[in-house]
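Written below as structure tokens is the structure these notes are about.
All of the numbers you see were taken from the coordinates with simple rules; none came from a lab. Predicted, not measured: the structure shown is a model, and the values here were computed from it. A quick note on method: Cβ atoms are made from the backbone with ideal geometry, for glycine too, and the neighbour counts reach across all protein chains shown.
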Amino acid sequence: MKTNQVELLAPAGNMAALHAAVAGGADAVYLGFETFNARRGADNFTLETLREACDFAHLRGVSVYVTMNTIILPDEVGEALECVRQAYRAGADGFIVQDIGLAAEISRTLPEASLHLSTQMNTHNLAGVRAAARLGAERITLAREVSLDEIALLCAAAAEEGMEVEVFAHGALCVCYSGQCFMSSMIGGRSANRGMCAQACRLPYELQNKALQKSLPSPGDHLLSPQDLCTVDRVDDLVAAGVASLKIEGRMKSPEYVFAVTSVYRKALDAALAKENAAITDADRDRLTDAFSRGFTTAYLDGKRGNDIMSYQRPNNRGLFLGRVDEVRDGAARRIGYVSCECNEFVARLIDGGKSVEGRLTDKEQIGSWTRLVMEVVLND
């Protein structure tokens, strides 16, 4: 990373997403192989496509970090180290590692490689920072559970040890501590620490009094599903705290998501570095919401806990609210909707009972602060 620059780090689940990240203004991307990778469900990269990715990114001044962010079994250490060596020769600029043993072996056998400790290592205090330094890490990705004040404290401690600090700025939150989920294994038989998260926290649950054998009232069906992290209005605070890299979650997300989110955070980060008002607009926030949102929260950054950070009603993308379908004519293509006048899009997407409809605006009428729209739409399912 360049001196006196805060890095914007974007996800690349495949080559198209990598291109989108670069086009959106990322300073670096992170990606994974098909193994030893916490997002094995992504398209991911082979050694050959990694070379292509590095060539593409490096020509544009963008760094490439390879994720090795799973627990490594004893009989896999040799294979994992060989993956690191080959990726390094292919042009990888750094490695994001969860397993302490693998991190130690990378430092010992390939000291020229840049070692980044994954958020899965749960670095949340001064002891963790010092342990990272002993492992030879150049960067630590802090646990998501730390507050802004704690981030500032840990950034200062890391700087004394000659290390950088990376934090997640945007994306999904885990209900389990720093993503170290054992629930996936217990319920779904798939280890999240081996790259096979079953998304157990996004499933519906019922709240019960076991002693009385009766159901209890609950705020929704998805009792373990957190909202998504969004710090776009706190980027200047993160920069002031001493953070070296702002990370966007989303290697399972689409290239469109990657481009939209990276572009908005590029705008916010540039303004923060120039010590200017970011001028993040409602349109920018809508763009983030439209890309993917379970509802946004600053979560632990501002000390929020419990109900304040949960998405009890639904565990998936809410999308951008444009309006509610008010009338269906002929049971087919013509619908009327009401949306805020800030959302006068000539092409809009509405959600009606969980079904997706795509439409084209054919007529509109201003009614106070609202706009009445007549749309020609097609029901997708």
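Please give the net charge around MET163, taking every other residue with its beta carbon less than 15 angstrom from that of MET163, where Lys and Arg add +1 and Asp and Glu add -1. Don't skip to the answer; put the middle values down first.
Details: positive: ARG130, ARG134, ARG139; negative: GLU7, GLU138, GLU160, GLU161, GLU164, GLU166.
My count for the surroundings of MET163 gives -3.
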**Report entry** Radius 11 Å from Cβ of THR46, net charge of other residues (Lys, Arg +1; Asp, Glu -1)
**Finding:** -3
Query raised in the report: In the calculated pair distance distribution of segment 146-234, what percentage of Cα-Cα distances lie above 14 Å?
Result: 75 percent
Requested in this report: Within segment 147-206, report the chymotrypsin sites (Phe, Trp or Tyr not before Pro) that DSSP leaves as loop and that have at most 15 other Cβ atoms within 10 Å.
Outcome: PHE182, TYR205
Report task. Can you check what the net charge comes to around VAL77, using other residues whose Cβ is under 13 Å from the Cβ of VAL77 (Lys, Arg +1; Asp, Glu -1)? Result -> -4
Query - Loop sites in segment 1-72: GluC sites (Glu not before Pro), DSSP, at most 16 other Cβ within 10 Å - result: GLU34
Query - Largest-first principal axis extents of the Cα set of segment 118-269 (Å) - result: 55, 36, 28
Report task. Go through segment 16-121 and name the trypsin sites (Lys or Arg not before Pro) that are in a DSSP coil and have 14 or fewer other Cβ atoms within 10 Å of their Cβ. Result -> ARG60
Report summary line: What the 5 Å binned alpha carbon P(r) of segment 87-128 shows, as percent of pairs per bin from 0, is 6, 22, 29, 24, 13, 5, 2
Query raised in the report: Dipole size in debye (nearest 20) for segment 143-287 around its Cα centre, Lys and Arg Cβ +1, Asp and Glu Cβ -1?
Result: 800 debye
Report summary line: Quick calc: nm separation of the 7 Å Cα→Cβ label points for ALA16 and ALA279 -> 3.3 nm
